[in-house]
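The values are calculated or read from the model by the stated rules, or taken from the named source; none is laboratory data. Given the structure is predicted, the values throughout are model-derived calculations rather than measurements. Glycine also receives a Cβ, built like all others from the backbone with ideal geometry; neighbour counts cover every protein chain displayed. Keep in mind that these areas ignore ligands, DNA and RNA; they rest on the heavy atoms of the full protein, side chains included. Shrake-Rupley method; radii C 1.70, N 1.55, O 1.52, S 1.80 Å.
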Amino acid sequence: MIEFELKRTGMLIVVSAPSGGGKSTIIRALLDADSSLDYSISATTRPRRGEEEDGREYRFLSLDQFKQLVQEDAFYEYAEVHGNYYGTLREEVDAKLEEGKDVILDLDVQGSMRLRKSVRDCTTIFILPPSMATLEKRLRGRGEDSEEAIQRRLENARNEVRMAAQYDYILVNRDLTDTIENMKTIIEAQRFRASRVMVRDGFGTVLASQS
Ligand code: ADP
Ligand code: 5GP
């Protein structure tokens, strides 16, 4: 009797939302709930905020260090966001994929579109706040940004929202628990796409594969 088994390679899940839209909160919950998921820690020139630690939320770099990495082609993509640079380190993502993890990336709209061009297989999800008024309330509630930063983030949000249609999936983050459940559903479905799995027999022989 031949037992069929599915063998899968790791995938990239890109999450974007206007700042304050709830990305970090949602991503943290997904990582806590699913040990097959890992997070791509970006490099940034932004100063550290609140309780952030180097190597946990971001790799915090000077502008010179960041430029050096750009020269070395160390990034899958990078972008200037709210006056600072942010970039996805190739090494970071590749190491996690090699471990067999599905990797979540928190990227701005420009970065998501660039990444989609440079890597073949990624799923993009855009998270909308229920309204601009709620976004402002959540940004203020977080209590981490200056008034100037809040105004800049709200201004950017108006432009970012228009880009939502470029993504594979769009969610509105009203109730946090519902949003997290919807994210889990999307990720789970993506794991079974025929383009991502190989059918093998119990001896490891590939019986069906799109690649
Ligand atoms: P981002 O990472 O997108 O900038 P955060 O995850 O920091 O956003 O969320 C901004 C604030 O909004 C946080 O204080 C968070 O607790 C809160 N928040 C996120 N999602 C919801 C939600 N569905 N309902 C109420 N508050 C939320
Ligand atoms: P924050 O400063 O609030 O942590 O993030 C600001 C913005 O930068 C967010 O929209 C976030 O998605 C984006 N961002 C974080 N890391 C990267 C990255 O590596 N590349 C790009 N393009 N954007 C990023």
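Between Glu57, Glu99, Glu148, the residue with the greatest mean-square fluctuation in the GNM of the chain (Cα pairs under 10 Å linked by springs) is Glu148. Averaged over its residues, the stretch 1-143 has an accessible area of 52 Å² per residue, based on protein heavy atoms and a 1.4 Å probe.
Taking every alpha-carbon pair under 8 Å whose residues sit at least 6 apart, the stretch 171-211 reaches a relative contact order of 24 percent. Exposed loop sites here are chymotrypsin sites (Phe, Trp or Tyr not before Pro) assigned a DSSP state other than H, G, I, E or B and surrounded by at most 13 other beta carbons within 10 Å; excluding them, the longest clear run of the chain is 5-191.
Relative to the longest principal axis of the Cα atoms of the chain, the long axis of helix 147-161 lies at roughly 40 degrees. Based on Cα contacts under 8 Å between residues 6+ apart, the chain shows a relative contact order of 33 percent. Net length available on complete extension from Ser24 to Arg46 is 6.3 nm, with 0.36 nm assigned per residue and the Cα-Cα distance removed.
The Cα atoms of the chain define a convex hull whose projected area, averaged across directions, is 13.1 nm². Straightening the chain between His82 and Asp178 buys 31.6 nm, computed as 0.36 nm per residue apart minus the Cα-Cα spacing.
Rounded to the nearest 20 debye, the dipole size of the stretch 99-211 about its Cα centre is 340 debye, using +1 on the Cβ of Lys and Arg and -1 on the Cβ of Asp and Glu. For the stretch 148-211, which trypsin sites (Lys or Arg not before Pro) pass both filters: DSSP loop (anything but H, G, I, E, B) and at most 14 other C-beta atoms within 10 Å? Counting only loop positions with at most 14 other Cβ atoms within 10 Å, the trypsin sites (Lys or Arg not before Pro) in the stretch 148-211 are Arg162, Arg174, Arg193. All Cα-Cα distances of the stretch 32-135, cut into 10 Å bins from zero to the largest, leave 14, 43, 35, 8, 0 percent in each bin in turn. Between Val197, Val109, Val15, the GNM of the chain built on Cα springs shorter than 10 angstrom shows Val197 fluctuating the most. Amide H contacts of Ala17: Ile127, each under 5 Å away and 5 or more positions distant or on a separate chain (H built 1.01 Å from N in the peptide plane; Pro and chain starts excluded).
Compared with the dominant Cα axis of the chain, that is its longest principal axis, helix 176-191 is turned about 40°.
With Cα atoms defining each centre, the stretch 29-77 and the stretch 154-174 are spaced 22 Å apart in the structure. Using the Cβ-Cβ distance between Val206 and Thr134 with R0 set to 30 Å, the FRET efficiency works out to roughly 0.05. For the chain, the 222 nm mean residue ellipticity estimated from helices alone, with every DSSP H stretch of n ≥ 4 adding -39500 (n - 2.57) and the total spread over all residues, rounds to -12000 deg cm²/dmol. With all protein chains in place and a 1.4 Å probe, the accessible surface of the chain carries 48 percent carbon and sulfur.
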